[in-house]
Amino acid sequence: MSETEFSRIGLFSSLPGETLRLLSGRMSREPVPAGTEVVSEGAEGDRFFVVLSGVLAVTQEAQGERRMLKAGDYFGEVALVMNMPRTASIRALTPAVIATCDRATFDEFVRPLFSD
């Protein structure tokens, strides 16, 4: 992952350069083919995701399609912050690239961004 890529993500824009560098080094980049389900509603949440490219759909069993995610959007934080199962399913509508990190990296670098 590159710091430059991450500095364009709104959520991370307030992070100092060194923190951005450390976070980008701990996140992995993953290509996602169109049609692939990235997370399933009700599954245990153990990762945080940032969309780098492509379009993904957010759906909930009870309410159907909720919204679209595109470059710069993120997901997976609710399950990690609230310690609960995934609240929605996320599926790639187009070929996509995501960045992902584990709970420890999320807790260290990303969780503080949601405390305000």
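Only the coordinates and a few stated rules stand behind these numbers; no lab work does. Because the structure is a prediction, the values reported are computed rather than measured. Positions of Cβ are backbone-derived with ideal geometry, glycine not excepted, and every protein chain shown enters the neighbour counts.
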- Non-local residues with an amide H under 5 Å from the amide H of Thr36, with H modelled 1.01 Å from N and Pro and chain starts lacking one, are Ala92
- Note on the structure: Computed for region 3-114: size of charge dipole around the Cα centre, +1 on C-beta of each Lys and Arg, -1 on C-beta of each Asp and Glu, debye to nearest 20, value 220
- If one computes the Cα centroid of region 91-116 and of region 31-63, what distance in Å separates the two points? 12
- Be a star and scan region 27-60 for residues whose amide nitrogen sits under 17 Å from the point 7 Å along the Cα-to-Cβ vector of Ala104. 27-28, 46-48
- Task: For Thr19 paired with Leu113, estimate the spin-label separation in nm (one decimal), with each label point 7 Å from Cα along the Cα-to-Cβ line.
- Result: 1.0
